[in-house]
Each structure stands twice: as C-alpha cells, then as structure tokens.
Amino acid sequence: MTPLLEFRRVRFAYPGRPRARGFAISELSFTVEAGEIFGVIGPNASGKSTLIRLLSRVLIPAQGEIFLDGLALGGLSRTAVARQIAVVPQDVPQGFPYTVEQLVLMGRFPHAPARFFESREDLRIAREAMALTGVEALAAEPLDRLSGGERQRVVLARALAQEPRLLVLDEPTAHLDLRYQAECVALLRRLHRDEGLGILLVSHDLNLAAQVSDRLLLLAGGSAVKVGAPDEVLQEPVLEAVYGCRVVVDTPATRRPRVSVLWPDGR
C-alpha cells in the first residue's frame, strides 16, 4: 500500500548556517500511513521546524524527494499541496485584522483559489470545523480579543476547514491549559478514529506524543535516531544520549511509556 507521506533520503541545509549547529536535514527517510498519528520529537535545533517547512513547500530539499500519496511533492502546486496537507502553526501573528469565522473560512481558499466569495458549502464546512474545535460561539470575535488557547483552537479549525488528508500540528498544546489540552487530545483521537485523518504531530512534550501517537520519529541533528512504536523509541539510554540529561521511563496503567527527568539535585 502506498504511504500517505514519504520522506526518501531528504537533505536540506540553510545557506550560511554551520552544519554543527544542527540547522540541517540529513538523509532523512520515514513514512506516514493513511489514518496514522505519527509523532515527531527531538531537542531544539533537531530539525522539527525544518521538516514542517519542507512539507509545506516553504523549503525545497537539496537532495532526495518527498512523496504525497505516491506523487512527488515537488511536482505539485502549492494550492494542490494545501488541498492535501494542512499545517497548524503554534499561533497567529498579532494584529491579524480578522474575525474567527473569517480566519476559518481562509481554510477553504485552496479549493477555489480564483473565487472571491465563499459558497454556502464553504460556510457549512467552516462552521462544522468551528463546532468540532469548540469555537463556534466566537465566530464574530476579532482574533486579537482571544486568549492564546482560543486562538490555537481557531487555527486548528481553519486547518480542518481545508479538509486535508494530512494534518500537521506544530506544538498543538503549547498555549492550552490542562482542560483544553485534554480536549485537544480527545479531538485528535476522534479525528483519527472517525475521519481517518493522517496526523503528523510535532512536539517537545514526549508524554503527549507517547499518549496519542501510533509511531514516533526521534530526531537529533537533522537525522533520524529511531522510528517505531512509543515504547521502542522512548528508551532511557536513547533519550539520555539525545537530550543530554538523565531520565526515567516507566509504563503506567495506560500502557504508554511515561518520561520523567531526573533533576541534577536528585529531587
């Protein structure tokens, strides 16, 4: 079966940045299957943000190829890519002069880029996306009046309005309190279960990634250290070598590995 997404020996380096600082991707190969939740973890400067930029065609690989449902990503227009892949950034820039509904409707643009006005179908899909993410009551609110957590859910609603096959999430719970973190995780599981949506989750939170992901990719210095099920990747010697600190990995009643840091003072 053709994977939904495939990185095949992808290389990339930012011009003028030393390779030693980690701002590069080197011989990166992995696949994401249709309907899979695939987590990407790793320390700062490991290549996580670069991977997202390569996926959205903001950056072009220097070598290797990225495939979307068997088609070379480089041969697709950005509009065609946006019909298949929706990226949820950590936040919307301040001063964005739009309401919640207007921003969510922007997710419909890839489906009719030459059209100036939304159709009834666009409005229906946007409202369904807002209802799924719990922001329907905020439809008329300006974005600048929202809390960080509300804004994060609005950006997720915009991505769902794109009706993508692959949802790419960059630190999806970064601005959420505990309640909305739990709701976000429940929503991701529901999208995975009911919609068959492929999800690529980029996160610093190892325990969140372990809880929701079918498989994990651990990056360091732009290279894949390990790919596999959470209990295969989240192993103490591997994490200690990559992150440079002591950790304890245990398996609680959830049967998913849980990572704790051993602080230098022993507490």
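Quick notes
- Filter result for the condition that a residue is more than 19 Å from Leu197 (Cα to Cα) and touching a helix residue (DSSP H, G or I) at 6+ places or on another chain (Cβ under 9 Å), over Ala129, Ala137, Ala161: Ala137
Okay, residues lined up against (1) under 30 Å from Leu217 (Cα atoms); (2) over 20 Å from the mean Cα position of the chain (by Cα); (3) of a type in the set (A, V, I, L, M):
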position: Leu55; (1), (2), (3): yes, no, yes
position: Phe67; (1), (2), (3): yes, no, no
position: Gly75; (1), (2), (3): yes, yes, no
position: Val81; (1), (2), (3): yes, no, yes
position: Tyr98; (1), (2), (3): no, yes, no
position: Arg115; (1), (2), (3): no, yes, no
position: Ser119; (1), (2), (3): no, yes, no
position: Leu123; (1), (2), (3): no, yes, yes
position: Ala131; (1), (2), (3): no, yes, yes
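- Residue in region 172-194 that is closer than 21 Å to Ile25 by Cα, assigned to a loop (DSSP other than H, G, I, E, B) and not polar (S, T, N, Q) present: no
- Checklist (1) at pLDDT 85 or above; (2) more than 14 Å from Gly39 (Cβ to Cβ) applied to Leu176, failing item: (1)
- Matching residues, region 25-48, being among the polar types (S, T, N, Q) and either surrounded by 17 or more Cβ atoms within 10 Å (Cβ to Cβ) or assigned to a strand (DSSP E or B) (or both): Ser26, Ser29, Thr31, Ser46
- Residue check: Phe96 meets all listed conditions (1) surrounded by fewer than 18 Cβ atoms within 10 Å (Cβ to Cβ); (2) modelled with pLDDT of 90 or more; (3) farther than 17 Å from Val227 by Cα but one, namely (2).
- Candidates Gly148, Gly95 - the one that is under 22 Å from Leu169 (Cα atoms) and among the small types (Gly, Ala, Ser): Gly148
- Pairs are defined by a Cβ separation below 7 Å, a sequence spacing of at least 6 or placement on different chains, a first member in region 171-198 that is touching a residue at least 12 places away in the same chain (Cβ under 8 Å) and over 17 Å from Ala210 (Cα atoms), and a second member that is among the aliphatic types (A, V, I, L, M) and assigned to a helix (DSSP H, G or I); the pairs so defined are Leu197/Leu191.
- If you go through region 150-171 and keep only what is acidic (Asp, Glu) and part of a helix (DSSP H, G or I), you end up with just Glu150.
- Residues of region 213-259 classified as in contact with a Pro (Cβ under 7 Å, 6 or more places away or on another chain), among the hydrophobic types (A, V, I, L, M, F, W, C) and closer than 26 Å to Leu191 by Cβ, total: 2
- For region 138-152, taking the residues that are surrounded by 14 or more Cβ atoms within 10 Å (Cβ to Cβ) and acidic (Asp, Glu), the one that is nearest to Leu105 (Cα to Cα) is identified as Glu141.
A quick yes/no check of all residues on (1) at pLDDT 90 or above; (2) of a type outside the set (Phe, Trp, Tyr); (3) over 21 Å from Ile41 (Cβ atoms):
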site: Leu138; (1), (2), (3): yes, yes, yes
site: Asp144; (1), (2), (3): no, yes, yes
site: Val154; (1), (2), (3): yes, yes, yes
site: Leu160; (1), (2), (3): yes, yes, yes
site: Glu163; (1), (2), (3): yes, yes, yes
site: Leu167; (1), (2), (3): yes, yes, no
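- Failed criterion for Val227 (all others in (1) surrounded by fewer than 20 Cβ atoms within 10 Å (Cβ to Cβ); (2) among the aliphatic types (A, V, I, L, M); (3) under 23 Å from Arg9 (Cβ atoms); (4) more than 17 Å from the chain's Cα centre (by Cα) hold): (4)
- Residue match in region 207-216 (condition: of a type in the set (Val, Ile, Thr) and out of contact with any strand residue (DSSP E or B) (no Cβ under 7 Å at 6 or more places or on another chain)): no
- If you check Leu206, Leu188, Leu216, Leu197 for being aliphatic (A, V, I, L, M), within 21 Å of the chain's Cα centre (by Cα), within 20 Å of Glu6 (Cα to Cα) and at pLDDT below 95, only one passes: Leu197.
- If the condition is being in a loop (DSSP other than H, G, I, E, B) and touching a residue at least 60 places away in the same chain (Cβ under 8 Å), then region 66-122 contributes Asp69, Gly70, Pro89, Gln90, Asp91, Val92.
The values are calculated or read from the model by the stated rules, or taken from the named source; none is laboratory data. Given the structure is predicted, the values throughout are model-derived calculations rather than measurements. Heads up, the Cβs are rebuilt from the backbone with ideal geometry, glycines too, and the neighbour counts pull from every protein chain shown.
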